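Here the structure comes first, spelled out in structure tokens, and everything after it is commentary.
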Amino acid sequence: MATAVGVAIWLWPHLPARVPSHWDVDGQPNGYASRFWAVAMWPLLIAGLAVLAAVLPRISPKRFEMESFAGVYGVLMLVIQGVMLVLGITAMLAGAGHAVPMAVIAPLGVGVLLMVLGNYMGKLRRNFFMGIRTPWTLASEAVWERTHRLAGWTYVLAGAAMVVLGLAGAMVGWTLAAVVVVLLIPAIYSYFIYRRLEGRHSPEGDGS
């Protein structure tokens with residue numbers, strides 16, 4: 001957060017009264033905010049994520065405690081904050097008139113985040129705040145584990161696709177559409193694997 005505040009103070013004199021705060025798929029600004037909110041929202045967002053990182057483990061329900069993977073949780077929250085910092089600095093630089101390719105940096109940042117998440121997916125344990133939280137993964141430890149093993153691969157593949165397509169200058173809209181489809185796969189898979197496991201352990205599935 002201190003870095004974001006420092007960049008905001010440095011760029012403040014160079015920012016116009018209305019600063020771009022949102023960009024379309026071609027990297028052209030299509031939304032604006034006041035100078036104050038254009039720079040304040042990034043430190044506030046990062047600070048909010050830091051508060052969440054500290055609070056969520058303390059309010060986790062019984063049987064879904066996060067202590068068993070506290071190290072993984074801490075790393076992932078730091079990575080998310082780091083990506084938000086990069087995006088925030090990029091947005092503030094663009095708002096101050098610097099030539100920064102938002103259409104490239106945004107998918108790169110999100111792609112790297114997805115690849116990091118994918119590498120840690122298999123180490124997450126059941127919880128209500130991080131991971132593939134469908135009714136079926138929360139109901140079964142086995143479904144959670146199998147779903148997150150698959151999610152690890154899909155997240156890494158989706159992230160790599162975003163990085164490659166971003167560097168190639170591909171349309172961000174198509175990239176995001178492909179990623180959404182890939183990220184839906186684990187959620188859908190969790191339903192079918194739950195039905196299969198439940199059927200296996202039901203009286204009918206046991207042949208009794």
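The values are calculated or read from the model by the stated rules, or taken from the named source; none is laboratory data. Since we're looking at a predicted model, the values are computed, not measured. Here the Cβ is made from the backbone with ideal geometry for all residues, glycine too, and neighbour counts use every protein chain on show.
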* Asked: Right, Thr3: farther than 27 Å from Gly131 by Cβ, among the hydroxyl-bearing types (Ser, Thr, Tyr) and buried (at least 16 other Cβ atoms within 10 Å of the Cβ) or not?
  -> no
* Structure fact -> Ser21 passes all but one of the listed conditions (1) of a type in the set (S, T, N, Q); (2) part of a strand (DSSP E or B); (3) surrounded by fewer than 16 Cβ atoms within 10 Å (Cβ to Cβ); the exception is number (3)
* Somewhere in region 44-58, is a residue small (Gly, Ala, Ser) and touching a His at 6+ places or on another chain (Cβ under 9 Å)? -> no
* Tally of residues being of a type in the set (D, E, K, R) and surrounded by fewer than 18 Cβ atoms within 10 Å (Cβ to Cβ) across region 107-132 -> 1
* Taking the stated definitions as given, is Val75 in contact with a Leu (Cβ under 6 Å, 6 or more places away or on another chain), part of a helix (DSSP H, G or I) and either modelled with pLDDT of 80 or more or among the aromatic types (Phe, Trp, Tyr) (or both)? -> no
* Sort through Ala91, Ala33, Ala54 and tell me the only one that's touching a residue at least 12 places away in the same chain (Cβ under 8 Å) and either over 24 Å from Val112 (Cα atoms) or surrounded by fewer than 16 Cβ atoms within 10 Å (Cβ to Cβ) (or both). => Ala33
